[in-house]
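The values are calculated or read from the model by the stated rules, or taken from the named source; none is laboratory data. These figures come from a predicted structure and were not determined experimentally. Glycine gets a Cβ as well: all are built from the backbone with ideal geometry, and neighbour counts include every protein chain shown. We work out accessible area using only protein heavy atoms, side chains counted, and drop any ligands, DNA or RNA first. Shrake-Rupley method; radii C 1.70, N 1.55, O 1.52, S 1.80 Å.
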Amino acid sequence: QVQLVESGGGLVQPGGSLRLSCVASGFTFSNSYMSWHRQAPGKERELVATISSTGEYTNYADSVKGRFTVSRDNTKNTVYLQMNSLKPEDTAIYYCKATFRNAWGQGTQVTVSS
């Protein structure tokens with residue numbers, strides 16, 4: 001019954017910003033590490049960012065470090081991904097995941113194009 005619902009994707013120009021949200025249910029969100037992954041057509045799904053249960057610790061893929069920020073609001077069972085300085089290579093479907101559970105959201109499409 002784990003459910004993860006992503007939102008906030010869209011079409012943006014290079015250099016633009018988007019803020020993704022993921023609302024979680026069916027598990028104890030406040031005690032769970034959460035991750036964002038992305039998958040472009042023809043490519044493997046890759047880990048983008050991870051955040052600890054308290055939000056104190058975060059990790060990022062080298063490709064997004066300094067541009068993306070993961071955060072969470074445990075009162076809302078929601079994890080966020082703020083994406084700045086977007087590049088065409090960031091184009092992908094972005095998925096939310098409880099880091100240590102094999103459960104995925106439906107994904108939200110991010111397209112970066114001029």
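Modelled this way, with points 7 Å down the Cα-to-C-beta line, the labels at Gln109 and Gln82 are 2.7 nm from one another. Averaging Cα coordinates gives a centre for the stretch 44-105 and one for the stretch 1-19; these two points are 11 Å apart.
Would you list which lysines come within 19 Å of Lys76, measuring only between C-alpha atoms, while excluding same-chain residues fewer than 8 positions from it? Result set, ordered by chain and number: Lys97. For Lys65, list the lysines whose Cα falls under 17 Å from its own Cα; do not include residues on the same chain fewer than 8 positions away. In chain and number order, the partners are Lys87. Overall shape: prolate for the stretch 8-58, with the ratio a/c of the largest to smallest alpha carbon gyration tensor axis at 1.5 or above and a/b above b/c. Per-atom-type breakdown for the chain gives carbon and sulfur 46% of the accessible area (1.4 Å probe, protein chains only).
Simple rule: put +1 on each Lys or Arg Cβ and -1 on each Asp or Glu Cβ in the stretch 16-64, find the dipole, and look at Ser63, Gly16, Ile51; the Cα lying farthest toward the positive end is Gly16.
Note that the chain presents 53 Å² accessible area per residue, ligands and nucleic acids not counted, probe 1.4 Å. What the phi angles of the stretch 98-103 give under the Karplus curve with 6.51, -1.76 and 1.60, with θ = phi - 60°, is a coupling list of 6, 3, 9, 10, 8, 9 Hz, glycine and proline written as x. Computed from phi, the 3J(HN,Hα) profile of the stretch 38-45 under the Karplus parametrisation 6.51, -1.76, 1.60 (θ = phi - 60°) reads 9, 9, 8, x, x, 10, 6, 5 Hz, with x in place of Gly and Pro. Backbone amide hydrogens, once placed in the peptide plane, bring Gly105 within less than 5 Å of Cys96, excluding anything fewer than 5 places away on its chain. Across the stretch 7-14, coupling constants 3J(HN,Hα) worked out from phi with the 6.51/-1.76/1.60 Karplus curve, θ = phi - 60°, read 7, x, x, x, 9, 9, 7, x Hz, and Gly and Pro carry x.
Taking amide H positions as modeled 1.01 Å from N, with prolines and chain starts lacking one, the residues under 5 Å from Phe68 and 5 or more places away or on another chain are Asn84.
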